[in-house]
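Read-outs: derived from the displayed coordinates by stated rules, not from any lab. Quick caveat: nothing in here was measured; it's all calculated off a predicted structure. Don't worry about glycine lacking a Cβ; one is built from the backbone with ideal geometry, like all the others, and counts go over all protein chains shown.
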Amino acid sequence: MRRTRLVAGNWKMHGSRASNQALLDALLAEIGVPAGAECAVCPPFPYLQQVSERLRGTPIAWGAQNVSEHAQGAHTGEVSAAMLREFGCRYVIVGHSERRQLYGEGDAQVAAKFAAARGAGLTPILCVGETLQEREAGRTEEVVARQLDEVLKKASFEDAVLAYEPVWAIGTGRTATPQQAQEVHAFLRKRVSNATRILYGGSVKAQSAAAIFAMPDVDGGLIGGASLAATEFLAIVKAGGQ
Ligand code: PEP
């Protein structure tokens, strides 16, 4: 089954009004219509207004990097799913390993965030992935299954997006081989629908994208560092369209 690939950029905590403007201008100058693969960028919260104004009516969608599991109330520093909708977000990344590792988000909280995003009409991009220690202990499948199953207990996946992001490959320059990615994607595929897009994330660059995207269960990428350089990101989007 041919699923439309998605290439989503996770800008993490990078950017400024000026650099965002330059990056978006460069992307829009070159992006094809249709771009081949669907394409989205996820800037930090304060730039959602700027990004939404620039991207409305273009082939590039946008989303956020995190969302509160709560609808509203006394949750200082948090941002609700309904607020993200007001800024035109289509996507929201949920359960990124940096949120899990640096901010203590556990499986239950990630599942609650996923449900809150769904409830507001956003498309969550749920990240799952094992650490190096877990991989070396042969626990990859157990870990990603646990992370995904906690979400499936709480909400239906429907057209949400899954992202396999081995923690040892994120921001390290060390990419999973296409075969390693395919093995885990095929395992995850059995738990979701055949129509679900499963992205790979972890140090994907223009030169490695095509080989990874060629795997039958890899439906695009979640791109960190390489999404901040227009030429690099555009080449990855182009690889997604082939
Ligand atoms: C990410 O942050 O989701 C990611 C995949 O980062 P990088 O591409 O920089 O490894």
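Each label point is 7 Å from the Cα along the Cα-to-Cβ direction; what then is the distance between the points at Thr177 and Lys205, in nm?
Modelled inter-label distance: 1.9 nm.
What order do you get for 169-175, 52-58 when each peptide is scored by the mean count of other beta carbon atoms within 10 Å, highest first?
Details: 169-175: 15.9, 52-58: 13.4.
Per-residue mean Cβ counts within 10 Å order the peptides as 169-175, 52-58.
Please state the charge dipole magnitude for the chain, taken about the Cα centre, from unit charges on C-beta atoms (+1 on K and R, -1 on D and E), reported in debye and rounded to the nearest 20.
Values: 25 positive and 24 negative charges, 67 e Å.
It comes to approximately 320 debye.
Kirkwood hydrodynamic radius, computed over distinct alpha-carbon pairs, for the chain: how many Å, to one decimal? List each step's numbers first, then the result.
On the way: mean 1/r = 0.0565 Å⁻¹.
Here the Kirkwood hydrodynamic radius works out to 17.7 Å.
Roughly speaking, what % of Cα-Cα pairs in the range 144-242 are separated by over 20 Å, rounded to a whole number? Mind dumping the intermediate values first?
Details: 1688 of 4851 pairs.
Every Cα pair in the range 144-242 considered, those over 20 Å come to 35 percent.
Which net charge results for the neighbourhood of Arg3, defined as the other residues with beta-carbon distances under 13 angstrom from its beta-carbon, given Lys and Arg at +1 and Asp and Glu at -1? Spell out each step's value before the answer.
On the way: positive: Arg2, Arg5, Arg189, Arg197; negative: Glu38, Asp159, Asp217, Asp219.
With Lys, Arg at +1 and Asp, Glu at -1, the net is 0.
Could you run the Karplus curve 6.51 cos²θ - 1.76 cosθ + 1.60 with θ = phi - 60° over the range 24-30 and give me ³J(HN,Hα) per residue in whole Hz, x for Gly and Pro?
5, 4, 5, 5, 5, 5, 10
Quick one: order Cys89, Cys39 by neighbouring beta-carbon count within 10 Å, fewest to most.
Values: Cys89 25, Cys39 29.
Final ranking by Cβ density, sparse to dense: Cys89, Cys39.
Can you give the Kirkwood hydrodynamic radius for the range 41-98, in Å, rounded to one decimal and based on Cα pairs?
Details: mean 1/r = 0.0843 Å⁻¹.
11.9 Å is the Kirkwood radius here.
Check which residues have an amide H placed less than 5 Å from Ile223's amide H, if you skip close sequence neighbours.
Long-range HN contacts for Ile223: Ala8, Gly9, Asn10.
What nm distance separates the two modelled labels at Ser156 and Thr4, each placed 7 Å from Cα along Cα→Cβ?
Placing both labels 7 Å along Cα→Cβ, they lie 2.1 nm apart.
Fully extended, how many nm does the chain gain between Glu30 and Ala18 (0.36 nm per residue separation, minus their Cα-Cα distance)?
Details: separation 12, 0.36 × 12 = 4.32 nm, distance 1.90 nm.
Taking Glu30 through Ala18 to full extension adds about 2.4 nm, to one decimal.
If you find the alpha carbon centre of the range 125-141 and of the range 6-35, how far apart are they in angstrom?
Their Cα centres are 30 Å away from one another.
Note the full-extension length gain between Asn194 and Ala82 as 0.36 nm times their separation in residues minus their Cα-Cα distance, in nm to one decimal. Walk me through the intermediate numbers first.
Numbers: separation 112, 0.36 × 112 = 40.32 nm, distance 2.89 nm.
Computed gain between Asn194 and Ala82 is 37.4 nm.
From the residues Gly77, Gln179, Leu27, which one has its Cα farthest along the dipole of the chain in the positive direction, the dipole being from +1 and -1 charges on Cβ of Lys/Arg and Asp/Glu about the Cα centre?
Leu27
Report the extension gain between Leu132 and Ala71 in nm, rounded to one decimal, defined as 0.36 nm multiplied by the number of residues separating them, less their alpha carbon distance. If you can, show how the numbers build up before the last one.
On the way: separation 61, 0.36 × 61 = 21.96 nm, distance 3.51 nm.
Contour length minus Cα-Cα distance gives 18.4 nm.
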